[in-house]
Amino acid sequence: MTNLPAKNPIHTLLEKRVHPVHLKMRQQIEKEKHSKVFGQGLGFFHIENWYSIHALIRMSLRMSFLHGRGKRNALKLELTENNIPLPHLPESFHGFRVLHLSDLHLDVNEYMAGALIERVSDLDYDICVITGDFRAKTYGPYENALAAMKRVRGALSNPVYAILGNHDSIEMVPGLEGMGIDVMLNESAVIERDGELIYLAGIDDPHYYKAHNLEKAADAIPEEAVSILLSHSPETYRHAAHAGFDVFLCGHTHGGQICLPGGLPLMCNAKAPRSVCNGEWRYGGMNGYTSRGSGASVVDVRYNCPPEVTLHTLLRDESAAANMASTQAGNACRN
């Protein structure tokens, strides 16, 4: 009798967790010529995979005596506080705080996790969300990133929700969920407070894998409910606004990471206007925020663009709510 090869236990878990088509697509793209610079995944150019240029950048920085300074900059995490006014926010959620982490790249060096732990340990918030990129490289081993994330997870309060970024393998999902992180793969969750509800949705990476599905993520969200969307990249902002999401939280761009004085980024690394690639912004009726991220990619340095963690506070906009009620009443009278 022929003995069949043992099935990978991670794959067995994923088959129970992820839609077969989604899983197959993700896995096949991950297998395609991992170190390819042009055409990797479903995009055209990816500087993350151009490892020869990474070495050239490091050498140039060392020769100009800037490398050490840039590495120190990358570990000086700032806390950014951002208020999000929402006219139809349920009253019990007024003051609800969301800790937003993004682009952790925890295995880029041995100090990254410790710097993040120190920054978040004394913060007060209701939920934590992570908008992808736990790993430094876009392929290869991910065990070091998961081990570092387990350390960070010990410093985070429950609940914690996350999505995958373009650096993350779908095989990381069981490990992340095993440490108490709810990974959202084109899914939504209900957040309850004093009997009132808001909704949180998360899509898979829209930049590199094009594995996002807004329709599936929004399927269980009532049209009138307040909803927050997690996306790794800002590239889906128009579709998200048209789909009716109230809040859009993302990262991916690192705010440029290496910027000219004044914060002008040398590159954005996202197919989106620069107006939505850093900090708070608004599109139509949707509030957006693009995190600079807590980590560093390509080279573990930052210039004129400090890393950040963000505390978003949801506020019930009473004036906007009153105007909305007045308009609705006027429309009802005319009808």
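The values are calculated or read from the model by the stated rules, or taken from the named source; none is laboratory data. The shown structure was predicted, so the numbers you read here are calculated from the model rather than taken from an experiment. Methodologically, a virtual Cβ is constructed for each residue, glycine included, from the backbone with ideal geometry; neighbour enumeration extends over all protein chains shown.
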Set Tyr199, Tyr237: member being of a type in the set (Phe, Trp, Tyr) and within 22 Å of Ser92 (Cβ to Cβ): Tyr199
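Tell me, please, whether a residue that is in contact with a Ser or Thr (Cβ under 9 Å, 6 or more places away or on another chain), in a loop (DSSP other than H, G, I, E, B) and either modelled with pLDDT of 90 or more or not hydroxyl-bearing (Ser, Thr, Tyr) (or both) can be found in the range 3-22.
No: the range 3-22 contains no residue that is in contact with a Ser or Thr (Cβ under 9 Å, 6 or more places away or on another chain), in a loop (DSSP other than H, G, I, E, B) and either modelled with pLDDT of 90 or more or not hydroxyl-bearing (Ser, Thr, Tyr) (or both).
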Strands (runs of 3 or more DSSP E) wholly inside the range 160-207 containing at least 1 residues that are among the β-branched types (Val, Ile, Thr) and touching a Cys at 6+ places or on another chain (Cβ under 8 Å): 160-163
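So if I check each of Cys268, Cys305, which one is crowded, with 17+ Cβ neighbours inside 10 Å, farther than 19 Å from Leu79 by Cα and in contact with a Cys (Cβ under 9 Å, 6 or more places away or on another chain)?
Details: Cys305 fails: farther than 19 Å from Leu79 by Cα.
Going through Cys268, Cys305 in turn, the sole match is Cys268.
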Qualifying residue in the range 232-251 (condition: modelled with pLDDT of 95 or more, β-branched (Val, Ile, Thr) and surrounded by 24 or more Cβ atoms within 10 Å (Cβ to Cβ)): no
Positions within the range 79-94 being loosely packed, with under 14 Cβ neighbours inside 10 Å and under 22 Å from the mean Cα position of the chain (by Cα), in sequence order: Leu79, Glu81, Asn83
Every residue from the range 208-223 that is buried (at least 20 other Cβ atoms within 10 Å of the Cβ), aliphatic (A, V, I, L, M) and assigned to a loop (DSSP other than H, G, I, E, B): Ala211, Ile221
Close pairs (7 angstrom Cβ cut-off, 6 or more residues apart or separate chains): on the phi < 0 side of the Ramachandran plot in the range 102-127, polar (S, T, N, Q) and in a helix (DSSP H, G or I) anywhere: Asp107/Asn144
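Answer yes or no: is there a residue in the range 182-194 that is among the acidic types (Asp, Glu) and under 12 Å from the mean Cα position of the chain (by Cα). First the steps, then the outcome.
Taking the range 182-194 first, the residues among the acidic types (Asp, Glu) are 182, 187, 192, 194.
Restricting the remaining residues to those that are under 12 Å from the mean Cα position of the chain (by Cα) gives none.
No, because not a single residue in the range 182-194 is among the acidic types (Asp, Glu) and under 12 Å from the mean Cα position of the chain (by Cα).
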